[in-house]
Amino acid sequence: MTTSLTANISNKSGEQKKSFKPELQSSIDGTITKVQKSESATGNTLSESKEEPKIVRLKRYLEKYDFRLDIVGNELEFRTRRPPGQEELFTTLNENSLSVELYTAGFLGFEKQLMALMRSDYVLSYNPIQHYFEGLPKWDESKPDYIGQLAGFVKACNQEWFAAQYRKMLVRTVACGIGEIAFNKQCMVFVGFQDDGKSSFIRFHVPKPLEKYYTEHIEFDSKDGKIALCENFLINLDELADFSKVDINKAKAYFTEDTIKVRRPFASRPTRDKRRASFFGSTNQNNFLTDETGNVRWLIIEINKNGINHDSGGPSGYSRNVDIDLVWSQAYALLKSGFAFQMTRQEIEQSEQHNRQHMQNTTERELIIKHVQPAEPKAPGAEFMMAGEIERELARYYENKVKINANNIGKALRSLGFPLISGRRDDCTYPIQAYWVTLFSNPQISKKN
């Protein structure tokens with residue numbers, strides 16, 4: 001307690017000094033009385049009284065809200081706190097609106113403390129993709145085959161291949177979305193006719209709770225493209241025929257990205273995040289692939305004319321007969337049951353073989369298709385030739401009027417399935433890498449001597 005100043009003040013020798021004048025003493029006593037009343041009301045003494053930390057006052061004020069961080073969309077969300085059973089939906093937090101509210105409530109200079117709170121464990125982390133799948137109805141073998149039902153609304157040129165790969169693709173998509181695999185390296189592409197509903201069919205796979213995590217626009221040349229791998233569940237590469245050769249190859253490189261490290265807008269430093277997105281695509285153009293070294297990451301499904309039964313949203317179409325939530329519940333259950341969702345080596349080879357017919361034809365590729373055939377070793381008329389030698393023969397027959405590149409000849413030969421073999425020739429003292437071929441099989445051209 002505060003010591004009364006009316007007491008006599010002693011010096012070091014213990015001699016008593018004079019008291020204050022009556023009018024001054026009265027003023028001092030009045031001030032002390034006010035302080036003692038204040039101490040009694042607050043429970044603090046004058047020596048113990050300190051200003052409460054601003055961050056404590058902030059936390060107390062913000063207790064009327066619930067906050068969470070959407071770790072997929074990288075957004076803060078909030079709602080007004082309500083009793084159990086009366087909770088509101090979370091909405092994106094407008095930080096400027098919150099700041100205005102705090103200013104109105106009398107807070108000043110709180111920006112650093114508020115930022116520290118919003119970036120701390122005070123705000124719970126929330127994964128909307130994980131939350132969606134964990135909240136779906138449970139599926140087991142006693143339930144209908146919802147994936148098969150949806151696949152049945154698509155008539156592919158090879159229905160059996162489509163049905164099997166579509167099921168695997170959906171399960172891989174779930175596995176990538178919830179982080180059980182680092183990446184889904186296949187992009188399923190629907191090739192068909194114009195206005196046959198390919199894009200709409202892909203969009204149908206986006207459930208309402210995950211609509212924020214779907215995009216058809218990705219910039220391969222900017223960090224936003226990398227961020228899109230982490231902030232989306234599905235990415236639709238719509239109309240691949242419009243992609244340049246450079247963009248097609250950049251897209252293919254994205255398929256095996258597993259993590260990104262970028263500095264997000266307004267962030268103070270780069271952060272690392274996990275890939276979540278899987279890719280689907282569509283095109284009306286049959287020949288859209290450009291990489292002659294291999295295209296195993298493209299899983300191409302050819303659709304028959306009018307092969308997608310959408311009924312323009314009518315009663316016989318897939319959208320009125322299939323619940324996409326149930327489709328994903330089955331895919332999630334299959335993942336958890338240990339379903340083999342990765343493509344086998346045989347399936348990859350089959351896909352690669354199939355993809356060759358979707359290659360864009362280069363000059364070298366066209367010339368090889370026209371004038372060169374693979375041959376059995378040492379078969380009658382067969383020659384063991386290196387790519388450069390084939391290039392020179394083609395150039396000679398076209399009298400150098402056609403520009404041909406030896407490197408492109410090699411790529412075209414490999415993409416067309418010509419086996420590259422190590423062997424010897426009488427004119428070489430060392431083994432060479434070459435192809436057994438029969439030249440100029442086209443009847444319109446005869447080999448010149």
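The values are calculated or read from the model by the stated rules, or taken from the named source; none is laboratory data. Since the structure is predicted, the reported quantities are computational estimates derived from the model, not experimental observations. A quick note on method: Cβ atoms are made from the backbone with ideal geometry, for glycine too, and the neighbour counts reach across all protein chains shown.
Odds and ends about this structure:
- Of the candidates S142, S120, the single residue that is in the same structural domain as E63 (by TED's automatic domain parsing) and exposed (fewer than 13 other Cβ atoms within 10 Å of the Cβ) is S120.
- Some residue of region 391-410 being within 14 Å of K370 (Cβ to Cβ), β-branched (V, I, T), out of contact with any Cys (no Cβ under 7 Å at 6 or more places or on another chain) and modelled with pLDDT under 85: no
- Test: residue in region 292-307 that is at pLDDT 90 or above and more than 16 Å from V189 (Cβ to Cβ): yes
- Residue match in region 85-92 (condition: more than 30 Å from L229 (Cβ to Cβ), modelled with pLDDT under 95, within 40 Å of the chain's Cα centre (by Cα) and surrounded by 10 or more Cβ atoms within 10 Å (Cβ to Cβ)): yes
- Tally, over region 150-168, of residues that are surrounded by fewer than 16 Cβ atoms within 10 Å (Cβ to Cβ) and assigned to a loop (DSSP other than H, G, I, E, B): 3
- Taking the criterion of being over 11 Å from F440 (Cβ atoms) and surrounded by fewer than 18 Cβ atoms within 10 Å (Cβ to Cβ), the residues of region 355-378 that qualify are R356, Q357, Q360, N361, T363, E366, I369, P374, E376, P377, K378.
- Just one of the numbered conditions (1) over 30 Å from A412 (Cα atoms); (2) buried (at least 21 other Cβ atoms within 10 Å of the Cβ) is not true of S319: (2).
- Residues satisfying the stated conditions in region 379-388, i.e. surrounded by fewer than 17 Cβ atoms within 10 Å (Cβ to Cβ), out of contact with any strand residue (DSSP E or B) (no Cβ under 7 Å at 6 or more places or on another chain) and either closer than 11 Å to V437 by Cβ or touching a residue at least 24 places away in the same chain (Cβ under 8 Å) (or both): A379
- Residue list for region 252-284, filter: in a strand (DSSP E or B) and touching a Pro at 6+ places or on another chain (Cβ under 8 Å): K261, V262
- Meets criteria (out of contact with any helix residue (DSSP H, G or I) (no Cβ under 8 Å at 6 or more places or on another chain), acidic (D, E) and more than 13 Å from S278 (Cβ to Cβ)) for D238: no
- Verdict on E364 being assigned to a helix (DSSP H, G or I) and in contact with a Lys or Arg (Cβ under 9 Å, 6 or more places away or on another chain): yes
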